[in-house]
Amino acid sequence: MFDGGGNSDLGGPCLDAVQGFMAAGDSPGREAPVASHEDDLLAVARQRDREAFRRLFTHFTPRLRSFLRRLRTPEATLDDLVQEVMTSVWRRANSFDPAKASASTWIFTIARNRRIDLARRKRPEVDLDDPATLHEEADGEPLPDEQASHGQMALLLRDAIASLPADQSEIVGLAYQRDMSHSEIASELDLPLGTVKSRLRLAIVKLRTAMEGLD
Amino acid sequence: MNVSHHPEPALLLDYATGTLADPFALIVATHMALCPACRREVAALEAVGGALLEQAPEAGEADVDQGAFERMMSRVEALPPEPAIAPLPAIDTATARIPRPLRDRLPASLDNLPWRRQGPVETVFLPCDLPGHRVRVLRIAAGRGVPRHTHRGTELTLVLQGSFSDETGHYLRGDMECANPELDHRPVADPGEACVCLAVTSAPLRLTGTLGRLIDPFLDI
């Protein structure tokens with residue numbers, strides 16, 4: 001079982017988020033309990049809570065700027081892009097499901113989809129409500145602590161990403177942040193495609209193993 | 001029933017990061033509609049993106065301008081509401097087992113598609129704007145085979161209905177076969193039901209049977 005208390009050296013906003021998350025239910029007496037990003041998103045979805053959205057805006061705007069800047073994004077359009085992503089966060093907050101993803105993962109997918117829109121590409125997506133979509137027999141029985149597990153998973157992932165060897169973390173960064181496919185990374189780094197694929201695969205296996213440490 | 005042949009991990013990763021070109025994203029997403037395991041995998045890969053966003057350095061970024069927040073809010077609150085999500089179009093029974101997103105790309109019901117017949121195989125090409133690539137829906141008559149062929153590039157084949165077998169294994173609904181240029185195969189539909197597949201190719205196929213070698217230069221496949 002994951003021991004949240006054993007990671008006090010992590011610090012930083014990520015830990016704040018998880019502590020806020022964990023504190024939300026069981027320590028109401030604490031001075032100014034920190035609302036998690038997930039709580040804030042739900043408050044935006046349910047109550048159109050401007051203060052909750054202001055906290056999300058303050059937290060995510062600089063991160064989106066530095067995350068999206070590394071893509072092939074002209075500086076002039078960076079502000080517009082970040083604004084559009086935050087606009088979608090406000091307008092589509094009711095499609096956020098804390099059982100499925102953390103707030104930062106959901107916002108990552110919004111930013112990714114916006115980038116695809118800008119490239120005038122379509123993104124084919126699964127429709128879970130489509131009667132032709134197949135579901136697991138166990139579907140519809142979310143784990144009771146599934147919400148908490150996203151916060152814990154974020155911490156495990158953070159450690160796992162930090163401990164990747166440099167050649168692997170470079171490629172992971174290019175794949176996620178610079179909007180490059182495997183073959184584009186291969187030509188950027190002047191490496192054989194097979195090498196890029198195997199380094200990425202190794203890195204992803206490590207990250208997936210870290211995430212499964214929860215189970 | 002579990003899907004046992006999945007897209008290679010690189011395809012799922014490129015789908016999760018948003019870099020996968022459309023015809024491949026179409027076949028991967030259609031596979032995911034039939035494969036909860038790959039949906040979970042993509043959700044995990046998206047969580048890596050979320051963790052990277054969370055870790056993106058704030059340092060060097062200007063302090064968040066609260067005036068910018070107020071300006072954005074007044075702009076956003078003046079926007080018209082999001083359009084309501086359109087209800088799912090009705091599905092006829094022939095097409096009912098073709099999941100979205102592929103179903104949305106079909107120009108007509110499965111029974112009314114402009115099938116082109118070549119022996120036991122009927123084909124419909126779908127629009128594809130990636131140069132050199134082809135997207136097609138295939139319907140192979142029950143118990144019949146596709147001519148033996150090899151590949152000049154990659155061929156991804158997703159079973160939507162029925163099943164087929166070739167030298168590499170047995171493919172059921174939801175299974176995806178990834179054929180590379182080394183594979184020389186002759187897929188044969190299992191008896192009992194026509195096998196409907198979605199196939200994406202990055203280069204023309206090359207017929208390799210005795211007759212196929214003779215007619216290959218004249219066929220556009």
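Laid out as a table, the results:
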| quantity | calculated |
| --- | --- |
| Condition check for A:L15: buried (at least 18 other Cβ atoms within 10 Å of the Cβ) and either part of a loop (DSSP other than H, G, I, E, B) or at pLDDT 70 or above (or both) | no |
| Single condition B:A21 does not satisfy, out of (1) within 13 Å of the chain's Cα centre (by Cα); (2) crowded, with 17+ Cβ neighbours inside 10 Å | (2) |
| Any hit, segment B:85-92, residues being under 30 Å from A:L56 (Cα atoms) and in a loop (DSSP other than H, G, I, E, B) | yes |
| Qualifying residue in segment B:2-16 (condition: in a loop (DSSP other than H, G, I, E, B), free of Cβ contacts under 8 Å to residues at least 60 places away in the same chain and of a type in the set (G, A, S)) | no |
| Counted residues, segment A:71-95 - those being part of a helix (DSSP H, G or I), surrounded by fewer than 16 Cβ atoms within 10 Å (Cβ to Cβ) and at pLDDT 90 or above | 3 |
| Subset of segment B:121-165 (residues that are modelled with pLDDT of 90 or more, more than 22 Å from B:L11 (Cβ to Cβ) and touching a Gly at 6+ places or on another chain (Cβ under 7 Å)) | B:A142 |
| Qualifying residues in segment A:34-70 (those that are under 21 Å from B:Q55 (Cβ atoms) and among the basic types (K, R)) - the one surrounded by the fewest Cβ atoms within 10 Å (Cβ to Cβ) | A:R70 |
| Strands (runs of 3 or more DSSP E) contained in segment B:104-144 and holding at least 1 residues basic (K, R) and in contact with a Leu (Cβ under 8 Å, 6 or more places away or on another chain) | B:134-140 |
| Condition met for A:L156 (under 14 Å from A:R208 (Cβ atoms) and in contact with a helix residue (DSSP H, G or I) (Cβ under 7 Å, 6 or more places away or on another chain)) | yes |
| Tally, over segment A:24-70, of residues that are modelled with pLDDT of 90 or more, part of a loop (DSSP other than H, G, I, E, B) and farther than 20 Å from A:A111 by Cβ | 2 |
| Odd one out for A:G194, checked against (1) within 7 Å of chain B (Cβ to nearest Cβ); (2) assigned to a helix (DSSP H, G or I) | (1) |
| Subset of segment A:102-129 (residues that are of a type in the set (A, V, I, L, M, F, W, C), at the interface with another protein chain (Cβ under 7 Å from one of its Cβ atoms) and not in a helix (DSSP H, G or I)) | A:V126 |
| Options B:A84, B:A47: the member that is surrounded by fewer than 19 Cβ atoms within 10 Å (Cβ to Cβ) and either of a type in the set (A, V, I, L, M, F, W, C) or within 8 Å of chain A (Cβ to nearest Cβ) (or both) | B:A84 |
| Hits in segment A:145-189 - residues which are of a type in the set (S, T, Y) and either touching a Cys at 6+ places or on another chain (Cβ under 9 Å) or facing chain B (nearest Cβ under 8 Å) (or both) | A:Y176, A:S181 |
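The values are calculated or read from the model by the stated rules, or taken from the named source; none is laboratory data. Please read these numbers as outputs of a predicted model, since none were measured by experiment. Quick reminder, even Gly has a Cβ in these numbers, built from the backbone with ideal geometry, and neighbours come from all protein chains shown.
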